[in-house]
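Engineer: The structure follows.
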Amino acid sequence: MINISMLPDKEGYFGEYGGQILPDELKAEFQNITKKFLELKDDKSFQDELNYLLKHYAGRPSPVYYAKNLSKKYGAEIYFKREDLNHTGAHKINHSLGEGLLAKRMGKTKLIAETGAGQHGVAIATVAALLGLECDIYMGEVDIKKEKPNTDRIKVLGANLISVASGNGTLKDAVDEAFKAYINEYETALYAIGSAVGPHPFPMIIEYFQSIVGKEAREQIVELTGDLPDYVVACVGGGSNAIGIFNGFLQDENIKIYGVEPLGKGNKTGDNAASMTYGTDGIIHGFKCKLLQDEKGNPAEVYSIASGLDYPGVGPKHCYLNSIGRVKYETISDEEAVNAFYELSRLEGIIPALESSHAVAYAIKLAKECKSNEKILVNLSGRGDKDIEFVMNKYPKN
Ligand SMILES: *Cc1c(COP(=O)(O)O)cnc(C)c1O
């Protein structure tokens, strides 16, 4: 069904990045996961089941939409891949369905996951309800206070929400705790990671399940315009939505591809989460990547207005694509993202997630420098319902 443009090597490295840095007791289990995944990706009954759910449950294919008003104002043709229209409101349902089905096929009875803003927690809790799996969602206590609608959704869906008080009580700490719990439960549970990060095979698995986005988008933009885009743009937290759409276009060397990281309040450590831009080679959560870190190699504190982008590391495939110059990684500040949030809402009637607003903001910048007939395809990774209250309180605008 889907092609991945490049698989990692046997140890899970993309160039110098990735790998599988694990406690000994998990090594055999990770080999099982890898083997089962590689088997299932060529298994017709698995593909049929996944495709059925993607279509009839998640609502795929999501459309590609030509944003006429935005295009006219900024002077290029801007198109959106509408992942915001998926069930549960973002691209995360794509890999969550895949992980849930993988768990079932491995005979597991539980999904364990971390969540930051709660988006991945909601998607995994949804899939657990659908497939009759138990579900433990680990979330930092600071995030739990901030993300009330999503924590309520997780509870309504019947998952256990586990509050993490260690560290800063945010996403990195939730991953640490979820992983600790998983070490004791791996015989009956699957860790369902939330982005294209973590030890091999997770970056490969997540990329595979998200590559449907690029595959559809490529066909749809050709159908709509008769041609491929000149630019492809996506926001990058851990990098799952971005690697998904990039996959449809990496092979065409004249298509320029941009990943957009959060500059937050500025370039000082602690004020942003732009791992590719300001990070250095380091290790977090079992893999090597560009990491925002202190002198001791501990992950630095990170910040972004968009909680879903707030991670000190970044997926290994992105680090590789950056190292060979195939994809460029740029930054957008909080303020630019909020402006884009309002701009898309008021010009097109689409309220984007604050994460996705980073990609929209960069597309607007690009459009100002483009020829009017150049095409920019933006992955609109999610909808902004979850962000409305926050934006209205903090950045009201008449
Ligand atoms: C979680 C999330 C992101 C960031 O995650 P990636 O793995 O980098 O895609 C981006 N957009 C939305 C809407 C999200 O929910």
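The values are calculated or read from the model by the stated rules, or taken from the named source; none is laboratory data. Computed from a predicted structure; not experimentally measured. Glycine gets a Cβ as well: all are built from the backbone with ideal geometry, and neighbour counts include every protein chain shown. Calculation scope for accessible area: heavy atoms of the full protein, side chains included, ligands and nucleic acids excluded. Shrake-Rupley method; radii C 1.70, N 1.55, O 1.52, S 1.80 Å.
Engineer: Could you tell me whether residue 352 is open to solvent by less than 10 Å² (accessible area, probe 1.4 Å) and in contact with a Pro (Cβ under 6 Å, 6 or more places away or on another chain)?
Structural biologist: Considered against the rule, which asks whether it is open to solvent by less than 10 Å² (accessible area, probe 1.4 Å) and in contact with a Pro (Cβ under 6 Å, 6 or more places away or on another chain), residue 352 comes out as no.
Engineer: Please return the ranges of strands (runs of 3 or more DSSP E) entirely within region 105-201 where 2 or more residues are out of contact with any Ser or Thr (no Cβ under 9 Å at 6 or more places or on another chain), open to solvent by 20 Å² or more (accessible area, probe 1.4 Å) and under 27 Å from residue 57 (Cβ atoms).
Structural biologist: It comes to 160-164.
Engineer: How many residues, within region 337-357, are of a type outside the set (A, V, I, L, M, F, W, C), in contact (Cβ under 8 Å) with a residue 60 or more places away in the chain and more than 13 Å from the ligand (Cβ to nearest atom)?
Structural biologist: Residues in region 337-357 being of a type outside the set (A, V, I, L, M, F, W, C), in contact (Cβ under 8 Å) with a residue 60 or more places away in the chain and more than 13 Å from the ligand (Cβ to nearest atom): 2 in total.
Engineer: Give region 371-387 a look and list any residue that's away from the ligand (no atom under 14 Å from the Cβ) and either at pLDDT below 95 or open to solvent by less than 70 Å² (accessible area, probe 1.4 Å) (or both), or say none.
Structural biologist: 374, 375, 376, 377
Engineer: Could you tell me whether residue 239 is open to solvent by less than 40 Å² (accessible area, probe 1.4 Å), touching a residue at least 12 places away in the same chain (Cβ under 8 Å) and away from the ligand (no atom under 11 Å from the Cβ)?
Structural biologist: So residue 239 does not fit the description; no.
Engineer: How many residues does region 242-265 contain that are of a type in the set (Asp, Glu) and within 16 Å of the ligand (Cβ to nearest atom)?
Structural biologist: Result for region 242-265: 1.
Engineer: In region 217-227, what count of residues is obtained for those that are open to solvent by 20 Å² or more (accessible area, probe 1.4 Å) and in contact (Cβ under 8 Å) with a residue 60 or more places away in the chain?
Structural biologist: 4
Engineer: Could you grab me the full set of residues in region 65-122 that are closer than 25 Å to residue 183 by Cβ and among the acidic types (Asp, Glu)?
Structural biologist: 99, 114
Engineer: Another question about this same structure. Please determine, by comparing only the residues of region 294-327 that are open to solvent by 50 Å² or more (accessible area, probe 1.4 Å) and not aromatic (Phe, Trp, Tyr), which one is nearest to the ligand (Cβ to nearest atom).
Structural biologist: 322
Engineer: Also: Given the criteria farther than 20 Å from residue 213 by Cα and away from the ligand (no atom under 16 Å from the Cβ), does residue 110 qualify?
Structural biologist: So residue 110 fits the description; yes.
Engineer: Okay, moving on. Going through region 256-283 one residue at a time, which ones are in contact with a Gly (Cβ under 6 Å, 6 or more places away or on another chain) and surrounded by fewer than 24 Cβ atoms within 10 Å (Cβ to Cβ)?
Structural biologist: Listed by number, the residues that qualify are 271, 282.
Engineer: Can residue 365 be described as open to solvent by 40 Å² or more (accessible area, probe 1.4 Å), in contact with a strand residue (DSSP E or B) (Cβ under 9 Å, 6 or more places away or on another chain) and part of a strand (DSSP E or B)?
Structural biologist: The answer is no for residue 365.
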